[in-house]
Protein chains: 2
Amino acid sequence: MSQMQNVERQLREMILALEVGPGERLTERWIEGRFGASRTPVRAALLRLETEGLVGRDGRGWTVSPINLAELEQIAVYREAVEVAALRLTCGQADKSAIDVIEAMLDSCDENTPREEWHRVGMDFHIELARLSGNEFLFRAVRDAMTRLSRARWLEVRDETALGRAWLEHRAILAATRLGQADEATRLLSAHIVGSRNRLVTSLANDRRGLRARGFAVVAA
Amino acid sequence: MSQMQNVERQLREMILALEVGPGERLTERWIEGRFGASRTPVRAALLRLETEGLVGRDGRGWTVSPINLAELEQIAVYREAVEVAALRLTCGQADKSAIDVIEAMLDSCDENTPREEWHRVGMDFHIELARLSGNEFLFRAVRDAMTRLSRARWLEVRDETALGRAWLEHRAILAATRLGQADEATRLLSAHIVGSRNRLVTSLANDRRGLRARGFAVVAA
DNA sequence: GATACCATTTTGGGATACCAATCTGGTATC
DNA sequence: GATACCAGATTGGTATCCCAAAATGGTATC
């Protein structure tokens, strides 16, 4: 594994895990020292993370992208379009065996599973479902959208009932997909995405003061 | 304007204008000499163009992305999803004055307009229409998809009737959008995209031999 | 003539040196 | 005490080295 990919991967993890806060300034020299790499791979990593929307330019200099509520709403609209299109493709396919793998993913979570794992599986559900479409561009769009949403979802205050409801919705989407019921499956998926967005934005807007107190830049809608 | 942005812009133009052929090998040193920049900005440019899909890694080393017919078909599905979603948003908006600007764009082309300009305006029509949605992600998705399609459309053998038909379809889409008829507008848009894709892929598949003879790598569907 | 092999060159990945722009902290001035 | 200003430190942008790996091309061998 090259240094460049290492820096990119580790820095992305730090950002997604909120070990560097949204809105925080980044200097190439700090990253250089932090990961023991020189500026060449650091710069490459920053350029790629910029296209992922995780870091941005702040005049001269780099900044961890703030949480932007308006952006989160736009991403929800975007992912609804691409996820629905992907799911429609999947419903039209004959082979539904791959759906079992995704169902097993959901099964792997129970009350003993750490919160972090629930978080990851909840994202991977959507990503893997999109992958089944066989369309590389729809897949990447969903994956990138989930990456952009990741930090915000991690900050969201979610109660147990909300988590349970999301899981039920995931299972209902899978069930309809397995039967090839495209209209029903996409209707459920749309509703799921819209509901998730509403809960997410509401939660963050309510917590905005607290999040800023923790040093996280949160831009209003 | 920094060197980095210059190299990126100029190299992108060379690739899109087919001044470096699809499938051609690129060396960082050649680009360095060609544009009079050092390797640092050259590498930054390559990293960005990679995310745009215009260049790719070929083991160790860089290659101008070949024309890939299977990819073109997938992009058509992708752009249909995002363009339809964007258009639906636009139809729901009260202010339709911006549509006149796009209509004027179409008007600016007549029989004296160079082919290159028709080509550009045909792309910008879709990009600017998506911009009206106000959703940054749908807009970028359309813009990036059109960038990826650009070279292929340039290679397409298009007769006058096909160009004229496309223009009529563009106008019909605008007309329905202006009236806020979302279902009709998106139906027309979908048909337009599917039709364009079919003509494009058919044309390239037929010309494949000739294109390869010109040194352009064309990957089959 | 085909092929295995080795020396040379070329290439991308990485490290580092340098620069101009900018930021910072302190100081002198009023 | 506020402010204008200047010197030093910091930073991203760029150029340039170095290196290991891979491609290249010529040659000896069969």
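The values are calculated or read from the model by the stated rules, or taken from the named source; none is laboratory data. None of the values given here were measured: they were computed from a predicted structure. With ideal geometry, Cβ positions are generated from the backbone for all residues, glycine too; neighbour counts draw on all protein chains shown.
Among the candidates B:Arg48, B:Arg39, single out the residue that is surrounded by 17 or more Cβ atoms within 10 Å (Cβ to Cβ) and either modelled with pLDDT under 95 or basic (Lys, Arg) (or both).
Of B:Arg48, B:Arg39, the one residue that is surrounded by 17 or more Cβ atoms within 10 Å (Cβ to Cβ) and either modelled with pLDDT under 95 or basic (Lys, Arg) (or both) is B:Arg48.
Results for (1) at pLDDT 95 or above; (2) surrounded by fewer than 17 Cβ atoms within 10 Å (Cβ to Cβ); (3) under 17 Å from A:Glu73 (Cα atoms); (4) of a type in the set (Lys, Arg), shown as yes or no for each residue.
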position: A:Ala175; (1), (2), (3), (4): yes, yes, no, no
position: A:Asp183; (1), (2), (3), (4): yes, yes, no, no
position: A:Leu188; (1), (2), (3), (4): yes, no, no, no
position: A:Ile193; (1), (2), (3), (4): yes, no, yes, no
position: A:Arg197; (1), (2), (3), (4): yes, no, yes, yes
position: A:Leu200; (1), (2), (3), (4): yes, no, yes, no
position: A:Leu204; (1), (2), (3), (4): yes, no, yes, no
position: A:Arg212; (1), (2), (3), (4): no, yes, no, yes
position: A:Ala220; (1), (2), (3), (4): no, yes, yes, no
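Given the structure, is B:Leu69 surrounded by fewer than 21 Cβ atoms within 10 Å (Cβ to Cβ) and either under 19 Å from B:Leu200 (Cα atoms) or within 12 Å of chain A (Cβ to nearest Cβ) (or both)?
yes
Quick check on my filter: what residues within segment B:1-11 are under 26 Å from B:Ala145 (Cβ atoms), away from chain A (no Cβ under 14 Å) and either buried (at least 18 other Cβ atoms within 10 Å of the Cβ) or within 11 Å of DNA strand D (Cβ to nearest atom) (or both)?
B:Asn6, B:Leu11
Name the single residue, out of those in segment A:56-65 being surrounded by 14 or more Cβ atoms within 10 Å (Cβ to Cβ) and more than 14 Å from every other protein chain (Cβ to nearest Cβ), that is farthest from A:Glu8 (Cα to Cα).
If we take residues in segment A:56-65 being surrounded by 14 or more Cβ atoms within 10 Å (Cβ to Cβ) and more than 14 Å from every other protein chain (Cβ to nearest Cβ), then A:Thr63 is farthest from A:Glu8 (Cα to Cα).
How about segment B:1-117: which helices (runs of 4 or more DSSP H) wholly inside it have at least 2 residues that are away from DNA strand C (no atom under 16 Å from the Cβ)?
Helices (runs of 4 or more DSSP H) meeting the threshold: B:3-16, B:69-91, B:98-107.
Need the failing condition index for B:Gly164 against (1) exposed (fewer than 13 other Cβ atoms within 10 Å of the Cβ); (2) more than 28 Å from B:Asp110 (Cβ to Cβ), just the number.
Of (1) exposed (fewer than 13 other Cβ atoms within 10 Å of the Cβ); (2) more than 28 Å from B:Asp110 (Cβ to Cβ), only one is false for B:Gly164: (2).
Looking only at segment A:119-143, count how many residues are surrounded by fewer than 20 Cβ atoms within 10 Å (Cβ to Cβ), within 11 Å of chain B (Cβ to nearest Cβ) and part of a helix (DSSP H, G or I).
2
Looking at segment A:23-40, which of the residues that are touching a residue at least 24 places away in the same chain (Cβ under 8 Å) and away from DNA strand D (no atom under 12 Å from the Cβ) is nearest to the other protein chains (Cβ to nearest Cβ)?
Checking each candidate, the answer is A:Ala37.
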